[in-house]
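Working notes, beginning with the structure itself.
The values are calculated or read from the model by the stated rules, or taken from the named source; none is laboratory data. Fair warning: this is a prediction, and the values are worked out from it, not measured in the lab. Reconstructed Cβ throughout: ideal geometry from the backbone, glycine too, with neighbour counts over all protein chains shown.
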Amino acid sequence: MTTADPQKTTAVAEKDPAGGPAPEGAGPLVELRGAGKSYGNIRALHGVDLAVHPGRVTCVLGDNGAGKSTLIKIISGLHQHTEGEVLVDGTPVRFNTPREALAKGIATVYQDLATVPLMPVWRNFFLGSEMTKGPWPVRRLDIARMKRTADEELRNMGIVLDDLEQPLGTLSGGQRQSVAIARAVYFGARVLILDEPTAALGVKQSGVVLKYIAAARERGLGVIFITHNPHHAYLVGDHFSVLRLGTLELSAARSEVSLEQLTNHMAGGAELDALKHELERAGGVDVEALPGAPDAGEPAGTPSEGTA
Amino acid sequence: MDVTQQAAPAADTPPASGTGQRDGRTRQRSLALRLLARPEVGVFLGAVAVFVFFLVQAPTVRQGSSMATVLYQASTIGIMALPVALLMIGGEFDLSAGVAVISSALTAAMISFQLTMNVWVGVLVALVLSLAVGAFNGWMMVRTGLPSFLVTLGTFLGLQGVNLAVTKLVTGNVATDDISDMDGFDQAKSVFSSSFHLGDVQVKITVVWWLVFAALATWVLLRTKYGNWIFAVGGNKDSARAVGVPVTFTKISLFMLVGFGAWFVGMHQLFAFNTVQSGEGVGQELIYIAAAVIGGCLLTGGYGSAIGPVFGAFMFGMVSQGIVFAGWNPDWFKAFLGVMLLGATLINLWVRQSATRR
């Protein structure tokens, strides 16, 4: 993660100085305006604004219970929002099933990946959208074409597999994640929602997945990257939204926020400061050694939370 | 502000592309190992072993007519083992499969005889009833989310009682009346229970049906969308639903397929014996399930084949008849079966583990 290339970074920053609309001038693919969701009398999400542009990675960060899952469930059609608006291509929508969201080009790669471990890679790739040939009574799977296409698509995403017949379960976690992403990209996703794709992965495998996220962005997809790891988010993100207790605590473009600030927001930001003051008053705690607030101007410590 | 952790836009390092390039981390496994990884190979070897064993032990088995008997025995189990195996690959059980056979046969017999109609009417009504029982099992399971074990245990007990009670109510007896002189009987018998000569050996038609159904099931399982869905709903139901597989349709139709199998075997029994004993069929469901498991189907679903249960059913037929041909006490059959079931399952497990190990 420390192999930084400053030139590349500035290139990214220049391309998107304000984190605003994409260079093509196209509007956001998906936009949330004051969206919220209540389950009975529990308000899981409230007043969230979010915009997903083509060729941009929007990172949604937050601790457990911050409302990340609720947010993606609204966008992916598993749940309906109870306040505000969800717009796709500028038109308000209300999805009843994931299929409707899929039809609009919004594909979600869930944590469990929606794959079947015992089935071969190519069958998993086309599951639910199989290619067939022949007239009805003898309509059959076009196995050769499916295998060829799956292989091509996986290679385009940089995944090289020797044997597409091997059960998906024999692949590593990162590879499986990548197959799921490649599948979503192939089936016409314009917006890719990734639900904590790096949560259960090791350092190297996380790198693999982040590479595919970047590859998906380069293909012009809008990516929503849900994570609780600010380091992973900062490596690929163009825009960062931090959720906290169901509301948006931070919404900033890459140029407006540093990794330290992001980490600090993730870790509780303002709350941590208050805690620090309390500890100071209580005495006995070496407050100077604690991670500082972003405006303190001193190098902030890096909480290890979330690093896989 | 010294930011050391900056983004390295990874997409600038182009993903590997171009065909022919290999990962290089996996070795091509030997042909033997790849063969062993197939679900039906273990049971095939087992079937060959049992066959050779009885070939040596019981000289009568070497005659063509004995072989025909073995195959006939196997076919009556095998025709039902096929849909039961597909259902098992789809992740579910059907404990009512055994008594459903008798329910179907009873329905056809009683409708035809009591209403004095062409037997084909009874046959069709029985088909509708069998499919309905299957649909009910599937629908109940999908709607309530109860395990299929419980739902079909209920159907099993229910049908068992209904079989006895309704038969007694309608015929005043525990068996149905002989329908061999009814209209259309000969025609129906030629479909469900005739035999033909192959050289000088008389072969039952069910053997042909069995192999035709097995070929069909194999094709559907491996070469069609529906087959893909069967593996998917058995392997991971939620994932399958998330990618757009019609899980409810697949599960219910699999139960109805078992209903179809029960109907077919029921019709065979009816037209082979002209009458049906209402208390039969109990325990058969476990034989079908055992044949499917011996045939390499995973109890938890998502893995298996249609050809495996063919060999599984053959093993059953071979052992049950082989014991008779060898002149042993047939009481040993079940004991033999138990050993065979455990042995086959262990061999399957071992084979799969050693063959799929990376």
| Does B:PHE156 count as surrounded by 14 or more Cβ atoms within 10 Å (Cβ to Cβ), within 14 Å of chain A (Cβ to nearest Cβ) and among the aromatic types (Phe, Trp, Tyr)? | no
| query | Which strands (runs of 3 or more DSSP E) sit wholly inside the stretch A:54-166 and have at least 2 residues that are more than 11 Å from chain B (Cβ to nearest Cβ)? | reply | A:57-62, A:83-88
| message | Tell me whether the stretch B:271-292 contains one or more residues that are within 14 Å of another protein chain (Cβ to nearest Cβ) and not in a helix (DSSP H, G or I). | response | no
| query | Can you spot a residue in the stretch B:306-328 that is at pLDDT 90 or above and not in a helix (DSSP H, G or I)? | reply | yes
| Which residues, counting only those in the stretch A:105-133, are in contact with a strand residue (DSSP E or B) (Cβ under 7 Å, 6 or more places away or on another chain) and of a type in the set (Asp, Glu)? | A:GLU130
| query | Can you tell me how many residues in the stretch B:73-117 are part of a loop (DSSP other than H, G, I, E, B) and either out of contact with any helix residue (DSSP H, G or I) (no Cβ under 7 Å at 6 or more places or on another chain) or of a type in the set (A, V, I, L, M, F, W, C) (or both)? | reply | 5
| task | From (1) modelled with pLDDT of 95 or more; (2) more than 30 Å from B:THR218 (Cβ to Cβ); (3) of a type in the set (Phe, Trp, Tyr), pick out the condition that doesn't hold for B:TRP139. | result | (2)
| query | Which pairs have Cβ atoms under 6 Å, sit 6 or more apart or on different chains, and link a residue in the stretch A:220-236 that is within 14 Å of chain B (Cβ to nearest Cβ) to one that is crowded, with 24+ Cβ neighbours inside 10 Å and of a type in the set (Ser, Thr, Tyr)? | reply | A:PRO230/A:THR263; A:HIS232/A:THR198; A:ALA233/A:THR227
| Hey, among B:LEU129, B:LEU124, B:LEU87, which residue is more than 27 Å from B:LEU298 (Cα to Cα), surrounded by 20 or more Cβ atoms within 10 Å (Cβ to Cβ) and modelled with pLDDT of 95 or more? | B:LEU129
| query | How do the pairs read when you match residues in the stretch B:178-207 that are of a type in the set (Val, Ile, Thr) with residues anywhere that are in a helix (DSSP H, G or I) and exposed (fewer than 15 other Cβ atoms within 10 Å of the Cβ), using Cβ under 7 Å and keeping only pairs 6 or more apart or on different chains? | reply | B:VAL201/B:GLY64; B:VAL201/B:SER65
| message | Checking the conditions here, which among B:ILE287, B:ILE252 is farther than 30 Å from B:VAL70 by Cα and surrounded by fewer than 24 Cβ atoms within 10 Å (Cβ to Cβ)? | response | B:ILE252
| query | Of everything in the stretch B:228-246 that's facing another protein chain (nearest Cβ under 8 Å) and outside any helix (DSSP H, G or I), which residue is nearest to A:GLU165 (Cα to Cα)? | reply | B:ASN236
| query | Looking at the stretch A:191-213, is at least one residue within 11 Å of chain B (Cβ to nearest Cβ), crowded, with 18+ Cβ neighbours inside 10 Å, touching a residue at least 12 places away in the same chain (Cβ under 8 Å) and within 20 Å of A:ALA51 (Cα to Cα)? | reply | yes
| request: Quick one: A:HIS239 ticks every box in (1) away from every other protein chain (no Cβ under 12 Å); (2) modelled with pLDDT under 85 except a single one, so which number is it? | output: (2)
| request: Search the stretch B:200-217 for residues being in contact with a Ser or Thr (Cβ under 7 Å, 6 or more places away or on another chain) and either of a type in the set (Ser, Thr, Tyr) or within 14 Å of B:ALA306 (Cα to Cα) (or both), and hand back the single one that is farthest from the other protein chains (Cβ to nearest Cβ). | output: B:THR206
| query | Do we find that B:VAL123 is within 28 Å of B:THR176 (Cβ to Cβ) and more than 21 Å from the chain's Cα centre (by Cα) in this structure? | reply | yes
